[in-house]
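Everything on this sheet refers to the single structure shown next.
Every number in this text was worked out from the coordinates using simple rules, so none of it is lab data. Please read these numbers as outputs of a predicted model, since none were measured by experiment. Cβ atoms come from the backbone with ideal geometry, glycine included; neighbour counts cover every protein chain shown.
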Amino acid sequence: MIDGTEVHGLSGLRDVILSRQDQFVETIAAKLLTYAVGRTLEHRDMSVVRQIGRQTSPDDLTWSSLVTAIVKSPPFLMRRSES
């Protein structure tokens, strides 16, 4: 990993992700939100990403819960179309 953490196989990767679950969820949320709004995220969008991370409980961590949080977020609801 970039911080020097060694990962050994898929089980090692799983262990690292689970130990950094908050960071992992925020990263996935940021990538999905970027795709959903069709633009690069700005500094002001990061509070929404953190909020999505907090809203998604470890017991309910599913793709559908992340997508639902993104489509209910202000950046998605207030996006502009190019037409």
Total formal charge among the other residues, if their Cβ is under 12 angstrom from that of residue 7, Lys/Arg +1 and Asp/Glu -1: -1
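Note down the magnitude of the dipole of the chain about its Cα centre, charges +1 on Lys and Arg C-beta and -1 on Asp and Glu C-beta and zero elsewhere, to the nearest 20 debye.
Working: 10 positive and 10 negative charges, 83 e Å.
Computed charge dipole of the chain: roughly 400 debye.
Can you compute the helix-only [θ] at 222 nm over the chain? Use -39500 (n - 2.57) per DSSP H run of at least 4 residues, normalise by all residues, nearest 500 deg cm²/dmol.
Values: 5 runs with 51 residues, N = 83.
-18000 deg cm²/dmol, from helical runs alone.
Across segment 9-77, how large is the tail of the calculated P(r) beyond 14 Å, expressed as a percent of all Cα pairs? Could the numbers behind the result be given before it?
Working: 1333 of 2346 pairs.
Of all Cα-Cα pairs in segment 9-77, 57 percent lie more than 14 Å apart.
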